[in-house]
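Structure, as structure tokens:
The values are calculated or read from the model by the stated rules, or taken from the named source; none is laboratory data. Being a predicted model, the structure only gives us computed values, none of them experimental. Cβ placement follows ideal geometry from the backbone for every residue including glycine, while neighbour counts extend to all protein chains displayed.
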Amino acid sequence: MTTVRKPVEVRVSAAVAFGGALVFFVVGLILWRTTGDANVLKPPSVVALVELPVAAALLLRLRFAHYPAMIVFILIALLHLLIALADGPGWARAASGVLSAVHLYGVVLLNTGPAREHLGGPR
């Protein structure tokens, strides 16, 4: 059985999804501990529930996951941009700004030639 090595672009995009969900959840936990409001954990939980299956699908080379992953990354980048532009602690807004840029980078990586070929492009 031959194994196909995943391109770096796909592995980094999956890492963006896993790492982004983890960092956003940690930011939510810190906000919860400082404010005492458990509602701040809702958006990170939803993002983790959406992003973790996307990352797994990218790593498992599920061909149908290419464009949905890009859409999820764009929507999450917009969410982080809204958080960065809203009122809140400066460190949380800065973290969301960085996460927004990282998710847009993930979209760029998924749109490269090696990633498109690996996830269902022309052979």
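When Ala48, Ala55, Ala38, Ala21 are checked against the criterion of being touching a Phe, Trp or Tyr at 6+ places or on another chain (Cβ under 7 Å) and under 17 Å from Leu78 (Cα atoms), Ala48 stands alone in meeting it. If the condition is being among the small types (Gly, Ala, Ser) and either in contact with a His (Cβ under 6 Å, 6 or more places away or on another chain) or under 19 Å from Gly28 (Cβ atoms) (or both), then segment 50-100 contributes Ala55, Ala77, Ala84, Ala86, Gly88, Gly90, Ala92, Ala94, Ala95, Ser96, Gly97, Ser100.
Restricting the first residue to segment 85-105 and requiring it to be under 23 Å from Val10 (Cα atoms) and at pLDDT below 95, which pairs with a second residue that is surrounded by fewer than 16 Cβ atoms within 10 Å (Cβ to Cβ) and among the acidic types (Asp, Glu) meet a Cβ separation below 7 Å and a spacing of at least six or different chains? Hits for this filter: zero, empty list. Filtered by the rule that a residue be at pLDDT below 95, over 15 Å from Ala55 (Cα atoms) and not hydrophobic (A, V, I, L, M, F, W, C), segment 1-32 gives Thr2, Thr3, Arg5. The listed residues are Gly106, Gly36, and the only one of them that is at positive phi and not aliphatic (A, V, I, L, M) turns out to be Gly36. When the residues of segment 1-59 are filtered to those that are of a type in the set (Ser, Thr, Tyr) and under 18 Å from the mean Cα position of the chain (by Cα), the one that is nearest to Pro114 (Cα to Cα) is Ser13.
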